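A.B. asks: One structure, as structure tokens, below. Some questions next.
What follows is calculated from the coordinates using simple rules that are stated; it is not laboratory data. Everything quoted here is computed from the prediction, not taken from an experiment. Counting neighbours? That spans all protein chains shown, and the Cβs are built from the backbone with ideal geometry, glycine included.
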Amino acid sequence: MRTLALSLGLALLCLLHKEAVATVPDRSEIAGTWYVVALASNSESFLREKDKMKMAMARISFSGEDELEVSYAVPSPKGCRKWETTFKKTSDDGEVYYSEEAEKTVEVLDTDYKSYAVIFATRVKDGRTLHMMRLYSRSREVSPAAVAIFRKLARERNYTDEVVTILPSQEECSVDEV
């Protein structure tokens with residue numbers, strides 16, 4: 001009887017593992033244009049400037065099997081600031097990438113690949129570790145459900161409502177010109 005229960009338990013575990021693997025979408029589904037519509041961070045400069053920030057754009061693409069390229073376009077008082085960063089996949093355990101040039105790790109916390117993605121970034125700068133969560137949306141209008149997911153994940157990472165910022169829309173800065 002004990003052997004039968006153990007065998008059934010192992011069979012169920014294998015079935016659940018197989019279903020979980022089968023439901024993981026191809027990571028290239030995250031490729032394309034996104035709008036950065038909300039932020040949360042422990043960075044002092046972010047906290048000082050968050051009320052002046054506007055929605056940014058990002059284009060995500062894959063240049064190699066395990067290389068993720070992100071092009072950013074961020075409006076600033078001095079015009080449209082643009083840059084690109086290349087990240088390399090760190091492991092097959094989730095969507096985690098590292099960029100040596102930016103000394104930054106990014107992790108996909110949650111996504112449906114079609115309308116939203118929640119990204120958690122860690123950066124070491126001047127000996128300090130800074131964290132930032134971003135809510136990406138496929139359109140300028142983000143769904144209330146995606147915002148609720150972002151706020152829930154932010155609370156789980158110990159961000160208070162005071163450091164969560166929903167960014168106002170902008171049209172003057174686009175990744176199309178990067």
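A.B. asks: Restricting attention to the alpha-carbon atoms of the stretch 67-178, what are Rg (one decimal) and Dmax (integer), both in Å?
C.D. replies: Spelled out, the Cα radius of gyration and Dmax of the stretch 67-178 are 14.7, 40 Å.
A.B. asks: Here's a follow-up. Can you list the lysines whose alpha carbon is less than 26 Å from that of K78, not counting same-chain residues fewer than 8 positions off?
C.D. replies: K50, K52, K54, K104, K125
A.B. asks: Just to confirm the filter: which trypsin sites (Lys or Arg not before Pro) across the stretch 41-91 are DSSP coil and have at most 15 other Cβ within 10 angstrom of their Cβ?
C.D. replies: Hits after loop and neighbour filter: K54, K78.
A.B. asks: Still on this model: When only DSSP loop residues count, what GluC sites (Glu not before Pro) in the stretch 95-140 have their Cβ near at most 12 other Cβ atoms within 10 Å? Walk me through the numbers before you get to the answer.
C.D. replies: On the way: sites: E95, E100, E101, E103, E107; in loops: E95, E100, E101, E103.
In loop regions of the stretch 95-140 (DSSP not H, G, I, E or B), the sparsely surrounded GluC sites (Glu not before Pro) are E100, E101, E103.
A.B. asks: Another one. Which residues' amide hydrogens lie under 5 Å from the amide hydrogen of F62, considering only partners 5 or more residues apart or on another chain, with H built in the peptide plane?
C.D. replies: Result for F62 returns E69.
A.B. asks: Residue by residue through the stretch 157-171, what is 3J(HN,Hα) from phi via Karplus (6.51 cos²θ - 1.76 cosθ + 1.60, θ = phi - 60°)? Round to whole Hz and write x for glycine and proline.
C.D. replies: Coupling constants for the stretch 157-171: 9, 6, 8, 8, 4, 5, 9, 8, 10, 8, 8, x, 5, 8, 10 Hz.
A.B. asks: Another question about this same structure. Can you list residues whose amide H is under 5 Å from T90's amide H, if they're 5+ apart or on another chain and H is modeled 1.01 Å from N?
C.D. replies: Counting only residues 5 or more places away or on other chains, the set is V96, Y97, Y98.
A.B. asks: May I ask you to evaluate 6.51 cos²θ - 1.76 cosθ + 1.60, the Karplus curve with θ = phi - 60°, for each residue of the stretch 29-39 and list the ³J(HN,Hα) values in order in whole Hz, giving x for glycine and proline?
C.D. replies: Working through the residues one at a time gives 5, 7, 5, x, 8, 10, 10, 8, 9, 8, 9 Hz.
A.B. asks: Under the rule of at least 5 residues apart or a separate chain, name every residue whose amide H is placed under 5 Å from the amide H of L109.
C.D. replies: Long-range HN contacts for L109: V118, I119, F120.
A.B. asks: Another question about this same structure. With the Cα gyration tensor of the stretch 123-173 in hand, give its eigenvalues times 5 under a square root as the equivalent ellipsoid semi-axes, listed largest first in whole angstrom. The partial results should precede the final answer.
C.D. replies: On the way: eigenvalues 102, 56, 16 Å².
Value: 23, 17, 9 Å, ordered largest first.
A.B. asks: OK, next. Karplus couplings for the stretch 62-73 from phi (6.51 cos²θ - 1.76 cosθ + 1.60, θ = phi - 60°), rounded to Hz, Gly and Pro as x?
C.D. replies: Ordered by residue, 3J(HN,Hα) equals 10, 9, x, 4, 10, 10, 10, 10, 10, 9, 10, 9 Hz.
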